[in-house]
Amino acid sequence: MSKPDPDELDPELTNDPLHKKGFNDELQRKIEQAVDKDTHVRHRMRPAFLIAATAMAAAALIFFPWGLLQHQSKASTAKTTLIAEDTKATISSPPPISSALLIGFRTDHEEKDSSRVLSTIQYSSYRTMLIAPERGELQKTAEGTGILMPYKRDFWKIDSLTHKTNHDEYHYLSAHLAEQSVKPQSFPDDPQEEIHHVETLVFAGNQYLSVAESEEAWAGNAPSRNDRIWVRTLPQLTAGRNLDFATNKVDKRHVSLSDVFGSGLTGILDNLVSYRKSETRITEITGESWTISRVAGQWVPKVAETIAPKVSFQDRYTLHDFPKALPQKVVSYDTLCCSWPNIQSNWPQATDALSSPMNDIIAIFEEGKLKFFPVGQASGGKPLLTIDLLPGEKLVMAQWATDHYVQEWIDKVNKYLAP
């Protein structure tokens, strides 16, 4: 092949790139026809495409693993429920116990001795226990005989002691500092008479006590019996006792209702007198003789109607409700977390109840047991602690400790309460 002649190429290179116009009428017409054709094809394909897409979506709905999704949904719901319940339980769980209860009981006994003219004698025994939180649980941390009561900054012990002679028998109460030993008392013995003397603790607070006294005697073939009841302070109990019980009817070692409630009780007391004979009053209600009893979850005052001192009858008394609530100085803390009807609706067998100042625990007496529950727990729930009571055992003391006193009581009571 021969090389082109440069002279022949020069005229071509000097001309315009195209010999004709590149975009003429014919080319424009062809392009418009192609565009119209493509648009028409797409319009014809759109319905077919929609039909196909709908069919594919229906197939997906039919063959999708809905069972797996439902199972996962249930699992998720269950997990959410568990979390919610756990959160609710955490929120509504009772607060930790921060109260301690020093509680005292009395059990009455009857004893027979055929060798004596007065063959039957009644007396009482006592026990105290401390219920307190220890190692995160409510427990009975100490228990022992007698009544251990707080008094000011100390603990005092009240014991029931027995003194017997050839003819007489005395069951009497002795109070002493808990860290000191008890000192028994001696009683005279008259061979011409036989005496049974019994002192019974009815109530013990943190300074006030209620004591019932009974003396049965046999002298010169003539039996006699005298019954009296008083409210005393702890120092009055330690001041000794009336050894001439039968003839000395008025014991100055006591607290009257006016000492507690103030003056102005005459009208109330006059309305309570139940028996008169002509213009001479056989019985009287002076407010000197009274007691503190347990009724429907509360300590309440009851005033005694007694034989007038100038009447030569043997001493007897009848108790009447006194229409005033005891002040805190007498009973310390004695408030229930809820009403007595509400307690009985939740515990139909309940005979008594106590609740703490911190409103964290409630104690229910029912069917010979003392059961402790968190305040607010639904009825039927399991108690935190259950204590078996002795047959016929009665409540005589309930004292509460809170805050830092709880540990102090645990340490001291464990030392003072010997089994």
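The values are calculated or read from the model by the stated rules, or taken from the named source; none is laboratory data. For clarity, every value in this text was computed on a predicted model and none was experimentally measured. Because the Cβ atoms are built from the backbone with ideal geometry, glycine has one as well, and the counts that use them run over all protein chains shown.
Each residue in region 130-158 was checked for being surrounded by fewer than 16 Cβ atoms within 10 Å (Cβ to Cβ) and either hydrophobic (A, V, I, L, M, F, W, C) or under 23 Å from Thr238 (Cα atoms) (or both), and 4 of them qualify.
On the basis of being among the polar types (S, T, N, Q) and touching a strand residue (DSSP E or B) at 6+ places or on another chain (Cβ under 6 Å), does Thr200 make the cut? Answer is yes for this residue.
Filter region 294-322 for residues that are among the polar types (S, T, N, Q) and in contact with a Ser or Thr (Cβ under 8 Å, 6 or more places away or on another chain) and give the result. Thr306, Gln314, Thr318 - these are the residues of region 294-322 that are among the polar types (S, T, N, Q) and in contact with a Ser or Thr (Cβ under 8 Å, 6 or more places away or on another chain).
Against the numbered list (1) among the β-branched types (Val, Ile, Thr); (2) free of Cβ contacts under 8 Å to residues at least 24 places away in the same chain; (3) surrounded by fewer than 16 Cβ atoms within 10 Å (Cβ to Cβ), Val375 comes up short only at (2). None of Ile285, Ile307, Ile268 is touching a Pro at 6+ places or on another chain (Cβ under 7 Å) and surrounded by 15 or more Cβ atoms within 10 Å (Cβ to Cβ) except Ile268. On the stretch given as region 240-269, residues that are aliphatic (A, V, I, L, M) and modelled with pLDDT of 90 or more total 6.
Select from region 159-178 the residues that are more than 14 Å from Gly146 (Cα to Cα), touching a residue at least 24 places away in the same chain (Cβ under 8 Å) and surrounded by 12 or more Cβ atoms within 10 Å (Cβ to Cβ) and write down the one among them that is farthest from the chain's Cα centre (by Cα). Outline the logic, then answer.
If we filter region 159-178 for residues that are more than 14 Å from Gly146 (Cα to Cα), which is where we start, we get 163-170.
Okay, now just the ones that are also touching a residue at least 24 places away in the same chain (Cβ under 8 Å), so 163, 165-170.
With the extra rule that they be surrounded by 12 or more Cβ atoms within 10 Å (Cβ to Cβ), the set shrinks to 163, 165, 167-170.
On the way: His163: 40, Thr165: 46, His167: 48, Asp168: 45, Glu169: 41, Tyr170: 38 Å.
The qualifying residue farthest from the chain's Cα centre (by Cα) is His167.
Evaluate region 226-239: report whether one residue or more is surrounded by fewer than 13 Cβ atoms within 10 Å (Cβ to Cβ), out of contact with any Lys or Arg (no Cβ under 6 Å at 6 or more places or on another chain) and either more than 29 Å from Ser174 (Cα to Cα) or modelled with pLDDT under 90 (or both). The answer is no, given that none of the residues of region 226-239 is surrounded by fewer than 13 Cβ atoms within 10 Å (Cβ to Cβ), out of contact with any Lys or Arg (no Cβ under 6 Å at 6 or more places or on another chain) and either more than 29 Å from Ser174 (Cα to Cα) or modelled with pLDDT under 90 (or both). Considering region 350-377, the residues that are modelled with pLDDT under 95 and polar (S, T, N, Q) include one that is farthest from the chain's Cα centre (by Cα), namely Gln377. Residues being surrounded by 18 or more Cβ atoms within 10 Å (Cβ to Cβ), in contact with a Ser or Thr (Cβ under 6 Å, 6 or more places away or on another chain) and not in a loop (DSSP other than H, G, I, E, B) are represented in region 182-199 by at least one member.
Among all residues of region 226-239, there is at least one that is assigned to a helix (DSSP H, G or I) and of a type in the set (Val, Ile, Thr).
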